[in-house]
Amino acid sequence: MPLEETGWLRGGACRSSDPELFFPLAPSPPQEARAKAICATCQVLEECRSYALRAGESEGIWGGLTPQERRRSRFPAGWRTPAVS
Ligand code: SF4
């Protein structure tokens, strides 16, 4: 991750949080909810979310989104058309 792209991280509400909350070994709904609650208060949420989507971050909570939510955001329902046989 190039430093010039992530200067906004210094303003992140998660800076003083346990990294395990955002990058857990075993994700769970309660852990995701706690991380998202912190993201909801974050002044750089939009920058963080935009970066994670652009960079294709595949792990952890970024910008209030789980990896699955980021994938759905990049490939919304219906984007793939069925193959014609
Ligand atoms: S949006 Fe969430 S993950 Fe991103 S910097 Fe803010 S608190 Fe951290």
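Every read-out reported here was derived from the displayed coordinates using simple, explicitly stated rules and does not represent laboratory data. Values in this document were obtained by computation on a predicted structure and should not be read as measured data. Positions of Cβ are generated from backbone atoms using ideal geometry, with glycine treated the same way; all protein chains shown enter the neighbour counts.
Any residue in region 65-81 that is part of a loop (DSSP other than H, G, I, E, B), within 12 Å of the ligand (Cβ to nearest atom), hydrophobic (A, V, I, L, M, F, W, C) and surrounded by 13 or more Cβ atoms within 10 Å (Cβ to Cβ)? Show your work before the answer.
Looking only at region 65-81, we keep the residues that are part of a loop (DSSP other than H, G, I, E, B), and these are 66, 75-81.
Still in the list and also within 12 Å of the ligand (Cβ to nearest atom): 66.
Right, trim to hydrophobic (A, V, I, L, M, F, W, C) and you get none.
Within region 65-81 (the criterion being part of a loop (DSSP other than H, G, I, E, B), within 12 Å of the ligand (Cβ to nearest atom), hydrophobic (A, V, I, L, M, F, W, C) and surrounded by 13 or more Cβ atoms within 10 Å (Cβ to Cβ)), the answer is no, since none of the residues qualifies.
Of (1) touching a Cys at 6+ places or on another chain (Cβ under 7 Å); (2) at negative phi, residue 64 satisfies all except one. Which?
(2)
Can you give me the number of residues within region 21-35 that are assigned to a helix (DSSP H, G or I) and more than 8 Å from the ligand (Cβ to nearest atom)?
Within region 21-35, the first condition is being assigned to a helix (DSSP H, G or I), and the residues that meet it are 21-22, 29-35.
Next cut, more than 8 Å from the ligand (Cβ to nearest atom) only: 21, 29-34.
Number of matching residues: 7.
Quick one: which residue in 77, 83, 35, 52 is in contact with a Phe, Trp or Tyr (Cβ under 6 Å, 6 or more places away or on another chain) and without any contact (Cβ under 8 Å) to a residue 24 or more places away in the chain?
52
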